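Undergrad: This structure is in structure tokens; I'll ask about it shortly.
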Amino acid sequence: MTIAFMWAEAQDHLIGAKGQLPWHLPADLQHFKQVTVDQIVVMGRKTYAGMGKPLPQRTNIVLSQQTDYPVAPGVILLNNVAAVLAYAAAHPQQETIIIGGAQIFNLFKDQVTRLYVTKIAARFSGDTYMPELDWPAFTRVAFQPGVVDAKNKYPYSFATYQRTNE
Ligand SMILES: NC(=O)c1ccc[n+]([C@@H]2O[C@H](COP(=O)([O-])OP(=O)(O)OC[C@H]3O[C@@H](n4cnc5c(N)ncnc54)[C@H](OP(=O)(O)O)[C@@H]3O)[C@@H](O)[C@H]2O)c1
């Protein structure tokens, strides 16, 4: 079973603004799709509400303390961390990828073994920040600079980290 995090952050670890992403970076959305398709994605209720609909071609899990929170058909609503870990353990052939937001990253900090991070070298205004992680426990295993063009205006890079001894 692998528990991974996938997120994009700008300067000062900013990840969100008013329930949405602070930037428009289609190349990162493509990369996100490539990594997450056919896998299990786990998101907080606020991130799910901000997206408005589930991510296609993936198992969508929404975490909420509300047992009756309405989700779209096919979306799995779970109410605690233990239930997510049990689901991940029961589906070891798929990667369980925590996709945010900040509250949900915070809940899985001790379990995460792989990090997919997009770093955007630009400053935006916003209100939600990536929590501090145990970075010394991780080793960078992949790195790719992003292509800046008319549609992707900020310098950015994709990196993957693996927890050492995992
Ligand atoms: N840049 C990125 O990569 C990225 C990725 C994801 C999200 N974001 C951004 O981050 C922002 C949202 O993040 P957020 O931290 O405000 O919210 P969030 O983590 O998406 O969702 C928070 C909700 O999760 C539920 N929750 C929290 N702890 C729980 C627990 N222990 N058990 C069960 N449910 C629990 C609660 O739902 P209930 O209130 O229903 O109980 C809580 O309100 C948005 O702006 C979004 O666009 C950015």
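The values are calculated or read from the model by the stated rules, or taken from the named source; none is laboratory data. Computed from a predicted model, the values in this text were never measured in an experiment. Cβ coordinates were reconstructed from backbone atoms using ideal geometry, including for glycine residues, and neighbour counts include every protein chain displayed. The area values use the complete protein model at the heavy-atom level, side chains included, leaving out ligands, DNA and RNA. Shrake-Rupley method; radii C 1.70, N 1.55, O 1.52, S 1.80 Å.
Undergrad: Restricting to the range 132-154, name every residue that is more than 20 Å from GLN34 (Cβ to Cβ) and not aliphatic (A, V, I, L, M).
TA: Applying the first criterion (more than 20 Å from GLN34 (Cβ to Cβ)) to the range 132-154 yields 132-139, 150, 153.
If the condition is that a residue be more than 20 Å from GLN34 (Cβ to Cβ) and not aliphatic (A, V, I, L, M), then GLU132, ASP134, TRP135, PRO136, PHE138, THR139, LYS153 are the ones that fit.
Undergrad: In the range 140-159, is there at least one residue being open to solvent by less than 60 Å² (accessible area, probe 1.4 Å), farther than 17 Å from MET43 by Cβ and part of a loop (DSSP other than H, G, I, E, B)?
TA: Within the range 140-159 (the criterion being open to solvent by less than 60 Å² (accessible area, probe 1.4 Å), farther than 17 Å from MET43 by Cβ and part of a loop (DSSP other than H, G, I, E, B)), the answer is yes, since at least one residue qualifies.
Undergrad: Taking into account only those residues within the range 11-43 that are assigned to a strand (DSSP E or B) and either in contact with a Phe, Trp or Tyr (Cβ under 9 Å, 6 or more places away or on another chain) or on the phi > 0 side of the Ramachandran plot (or both), which is farthest from the ligand (Cβ to nearest atom)?
TA: ILE40
Undergrad: Among the candidates ALA8, ALA4, single out the residue that is under 14 Å from the mean Cα position of the chain (by Cα), open to solvent by less than 10 Å² (accessible area, probe 1.4 Å) and either within 17 Å of PRO131 (Cα to Cα) or within 8 Å of the ligand (Cβ to nearest atom) (or both).
TA: Result of the check over ALA8, ALA4: ALA4.
Undergrad: Considering LEU77, LEU63, which residue is of a type outside the set (Phe, Trp, Tyr), without any contact (Cβ under 8 Å) to a residue 40 or more places away in the chain and either buried (at least 18 other Cβ atoms within 10 Å of the Cβ) or at positive phi (or both)?
TA: So the residue among LEU77, LEU63 that is of a type outside the set (Phe, Trp, Tyr), without any contact (Cβ under 8 Å) to a residue 40 or more places away in the chain and either buried (at least 18 other Cβ atoms within 10 Å of the Cβ) or at positive phi (or both) is LEU77.
Undergrad: Does LEU85 fit the bill of being farther than 21 Å from ASP12 by Cα, open to solvent by 30 Å² or more (accessible area, probe 1.4 Å) and touching a Pro at 6+ places or on another chain (Cβ under 9 Å)?
TA: Considered against the rule, which asks whether it is farther than 21 Å from ASP12 by Cα, open to solvent by 30 Å² or more (accessible area, probe 1.4 Å) and touching a Pro at 6+ places or on another chain (Cβ under 9 Å), LEU85 comes out as no.
Undergrad: Across the range 87-139, what is the total count of residues that are touching a residue at least 40 places away in the same chain (Cβ under 8 Å) and in a strand (DSSP E or B)?
TA: 12
Undergrad: Then there's this: Does ASP38 satisfy the condition of being farther than 30 Å from TYR87 by Cβ, surrounded by fewer than 16 Cβ atoms within 10 Å (Cβ to Cβ) and at pLDDT 95 or above?
TA: Against the criterion (farther than 30 Å from TYR87 by Cβ, surrounded by fewer than 16 Cβ atoms within 10 Å (Cβ to Cβ) and at pLDDT 95 or above), ASP38 does not qualify.
Residue by residue, here is whether (1) among the acidic types (Asp, Glu); (2) open to solvent by less than 20 Å² (accessible area, probe 1.4 Å); (3) modelled with pLDDT under 95 holds:
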{"site": "PHE105", "(1), (2), (3)": "no, yes, no"}
{"site": "ALA121", "(1), (2), (3)": "no, no, no"}
{"site": "ASP127", "(1), (2), (3)": "yes, no, no"}
{"site": "GLU132", "(1), (2), (3)": "yes, no, no"}
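Undergrad: Now, a different point. Say we look at the range 44-60 and pick out the residues that are open to solvent by 20 Å² or more (accessible area, probe 1.4 Å) and among the hydroxyl-bearing types (Ser, Thr, Tyr); which of these is farthest from the ligand (Cβ to nearest atom)?
TA: Top of the filtered list is THR59.
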